[in-house]
1. Restricting to segment 17-58, and then to whatever is within 10 Å of the chain's Cα centre (by Cα) and among the aromatic types (Phe, Trp, Tyr), can you tell me which residue is farthest from LYS80 (Cα to Cα)?
2. How many residues, within segment 74-86, are touching a Leu at 6+ places or on another chain (Cβ under 8 Å) and either in a strand (DSSP E or B) or free of Cβ contacts under 8 Å to residues at least 24 places away in the same chain (or both)?
3. Specify the residue that is nearest to LEU77 (Cα to Cα); the eligible residues are those in segment 7-26 that are surrounded by 14 or more Cβ atoms within 10 Å (Cβ to Cβ) and not hydrophobic (A, V, I, L, M, F, W, C).
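Readers should treat all values here as calculations from the given coordinates under stated rules, not as data from a laboratory. Everything quoted here is computed from the prediction, not taken from an experiment. Cβ sites come from the backbone with ideal geometry, for glycine too, and all protein chains shown count toward neighbours.
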Amino acid sequence: QTEVTTVDVKWSICELGLPIFEKAWVKHTIYFIKFEALSVLDHLLKYLKNKESFNFAFMDADKVNYSNYHDKLLELLRRKGVFFFL
């Protein structure tokens, strides 16, 4: 089963997609985390089961930390995983 994890410091951003997710009956597969992205990535990397467990990552966060996000995402993405920076 596919799962989506979305991270943002503003809950209002996470809520934007809720009506769409509810209509598509996929709300139960989406996990919202209201926190700073870098801290969330650090937390995910503490657990071995998360390494190489993501297929796709989309990053639209503070540009100053993009090199840090890049390094951490490389550890989290599967071998043929894709990440996209906006």
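1. Step by step, filter segment 17-58, then rank; the result is PHE32.
2. The initial filter retains those residues of segment 74-86 that are touching a Leu at 6+ places or on another chain (Cβ under 8 Å), namely 75-76, 83.
Pick out the ones that are also either in a strand (DSSP E or B) or free of Cβ contacts under 8 Å to residues at least 24 places away in the same chain (or both) and you get 83.
Looking only at that region, the number is 1.
3. ASP8
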